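Here is the structure we will look at, set down as structure tokens.
The values are calculated or read from the model by the stated rules, or taken from the named source; none is laboratory data. Small disclaimer: the values here were computed from a predicted structure and weren't measured. Neighbour counts run over all protein chains shown; Cβ positions are idealised from the backbone, glycine included. Accessible surface is based on the protein model in full, side chains and every heavy atom, while ligands, DNA and RNA are left aside. Shrake-Rupley method; radii C 1.70, N 1.55, O 1.52, S 1.80 Å.
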Amino acid sequence: MKLSVFRPVFVWAMFSLFLIGCTKEDSVPLENAPDGMDDFGLSISGEIAVPTELQDNQGPHKHVFLTERSAGFTEGFESTTKGSYTGAEVQLSSSGSWFLSDALLGSLSNDRKFGTRSVRIRNTGYAIMNFNMDNGVELIRVRHAVYGGDGSSTWRLIVSYDNGGSWFFAGNTITTSSTALNTVTFTINDPQPARYGVYKTGGGGNRLNIDNVEVTTATSGGGGGSGPTRDSNLTFGNPSNAGTSATNYFLAKDDYTLSYNNDRGTANWVSWHLSSAWTGNTSRCNCFRQDTDLPGSFFRATTSDYTNSGFDRGHLCPSADRNGSSEDNANTYFMTNIAPQSPDNNQRSWATFENYLRSLTEQGFEVHLVSGVAGSGGTGRNGFASTIDGGNITVPDSFWKVALVLPNGSDDISRVNSGTRIIAINVPNDQNISTDWQQFLTSVDAIEALTGYDLFENIPDSVEAVVEAQVDSGASS
């Protein structure tokens, strides 16, 4: 190991800590197996100074990658189970093999998570990669929260350059005290092959949840270069801090991200990125389908629930925004991306706005979008209705959409300034409305007041205050 090739600055401590799990019982039942003694240790050999940024939200994402050794990944810990704290290997489909010591994959209601599982760590436990990032790493983002009603914990990012033989602390000590998943970004910028992990350093028996560990490399894409790319669908934040609540349930698809409301039977909002890298010539599949990613206890709409209702099956993320492949297009037909939309809304102003935004991508722009529903009660072919399907699905009073427009490029958050164009519309869910989407222009501030959401929370506050107050006056074609 040659210290001269390290990009990070080393602060040598030269000490060894051997981290051994204990047998302290949880105050709540474990998912499967009883506890056991963990005899696996880690030797911490030093410390690396790495820039560390804290965010009190889910933070930005790049696109989701699936090749752990070359292009990076986002690991959500969804693909397997581990119900005991005893040290053991787990095989994860988005990244590869990890070793969890005094840690399990938690699926209880008290586990803070974006899907059905997250890592739960106690005492001085850890979760580490059993594989190297062969092309090095540019940055690592970790989402973290306290488990249930536990107190705060501290933890460190750790890195090994010798296949797990020895480890270094990387970046600052992180204190986790929030019950909502927040984000830490470690800017690594190290080209060496290495493996990484999370080590809980303090808080004793307090338990810590870790989820959506995102690792990006120089080959990750997701906004790199000046050409069109497929970026994250949640770059500018989680508008409602969606999580596991039945009325604000987080779902991440490859083609969009959403908050589902089980009381309404529709999404609250859907967020996605649009550029010419997403679009193509694939025909509409018209393959509406039930979304089985929702918990089994939730209402899961089917296409027949809309039959003869007088309302269109209205896409929030449009089919034509995802016609780069048949799979991409089919993903827009999950019923969680659909809401009861008046035909004249769907086929007039809404459709012309969608077409306009796609035309921008042909002129060298990319667009970050959030769309959703508000209120209840709309007018379709059969007249006014507050709900359909026997009350299972709420008919919105209006459909809204916000679009942040940038030239194709990288590091999108840093490129937003007070002159950045943001277009917001709020269209009544009624018949006989204008085909001109500019008749429904409003500000992001007005949409936030209507919904209670924070739509672009990752923009610096001083810039956000300016751009979100403006009503667009740009071209419409």
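Hey, can you find the accessible area per residue of the chain for me, probe 1.4 Å, expressed in square angstrom? Walk me through the intermediate numbers first.
On the way: 17490 Å² over 477 residues.
So the chain comes to 37 Å² accessible per residue, rounded to a whole number.
Could you work out the longest stretch of the chain that avoids the GluC sites (Glu not before Pro) located in DSSP loops with at most 13 other Cβ atoms within 10 Å?
On the way: sites that count: Glu25, Glu362.
Result for the longest clean stretch: 26-361.
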**OP:** May I ask you to compute the full-extension gain from Phe384 to Ser43, defined as 0.36 nm times their residue separation minus their alpha-carbon distance, rounded to one decimal in nm?
**Re:** 116.0 nm
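Per DSSP H run of n ≥ 4, the term is -39500 (n - 2.57); total these for the chain, divide by its residue number, and report the mean residue ellipticity at 222 nm rounded to 500 deg cm²/dmol. Write out the running numbers ahead of the final one.
Working: 5 runs with 37 residues, N = 477.
For the chain, the value works out to -2000 deg cm²/dmol.
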**OP:** Scan around Leu92 for amide H atoms under 5 Å from its own, H built in the peptide plane at 1.01 Å from N, and keep only partners 5 or more places away or cross-chain.
**Re:** Ser97, Trp98
**OP:** Could you let me know the centre-to-centre spacing of the range 233-297 and the range 449-477, using Cα atoms, in angstrom?
**Re:** 21 Å
Original post:
What's the extension gain from Asn130 to Asn110 if we count 0.36 nm per residue and subtract their Cα-Cα distance?
Top reply: 4.4 nm
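Within 9 Å, Cβ to Cβ, of Met335, how many net charges do the neighbouring residues add up to if Lys/Arg are +1 and Asp/Glu are -1?
+1
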Original post:
On average over all directions, what projected area in square nanometres does the range 221-302 have, based on the convex hull of its Cα atoms?
Top reply: 6.5 nm²
Original post:
What residues have an amide H closer than 5 Å to that of Asn408, excluding those fewer than 5 places away on the same chain, when H is modeled at 1.01 Å from N in the peptide plane?
Top reply: Phe365, Glu366
Original post:
Of all the accessible heavy-atom surface of the chain, with the other protein chains kept in place and a 1.4 Å probe, what percent is carbon and sulfur?
Top reply: 47 percent
**OP:** Using a cut-off of 13 Å between beta-carbons, work out the net charge of the residues near His144 (Lys and Arg +1, Asp and Glu -1, His144 not included).
**Re:** +3
**OP:** Measure nothing fancy, just the Cα-based angle from helix 350-361's long axis to the longest principal axis of the chain, in degrees from 0 to 90, nearest 10.
**Re:** 50 degrees
**OP:** Mind checking which aspartates and glutamates have their Cα closer than 19 Å to the Cα of Lys82? Skip sequence neighbours fewer than 8 apart in that chain.
**Re:** Glu25, Asp26, Glu31, Asp35, Asp38, Asp39, Asp102, Asp111, Asp211
Original post:
Hey, if we sort Thr80, Thr175, Thr235 by accessible area with the 1.4 Å probe, largest down, what's the order?
Top reply: Thr175, Thr80, Thr235
**OP:** Enter the Cα centre distance for the pair the range 88-126 and the range 333-403, rounded to the nearest angstrom.
**Re:** 37 Å
**OP:** From largest accessible area down, sort Cys287, Cys317; use a 1.4 Å probe on the protein chains.
**Re:** Cys287, Cys317
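Could you tally the net charge around Phe365, taking each other residue with its Cβ under 11 Å from the Cβ of Phe365, Lys/Arg +1 and Asp/Glu -1? Spell out each step's value before the answer.
Details: positive: Arg358, Arg421; negative: Glu362, Glu366.
Once positives and negatives cancel, what remains is 0.
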Original post:
For labels at Leu54 and Ser462 in the simple 7 Å Cα→Cβ model, what's the distance in nm?
Top reply: 2.2 nm
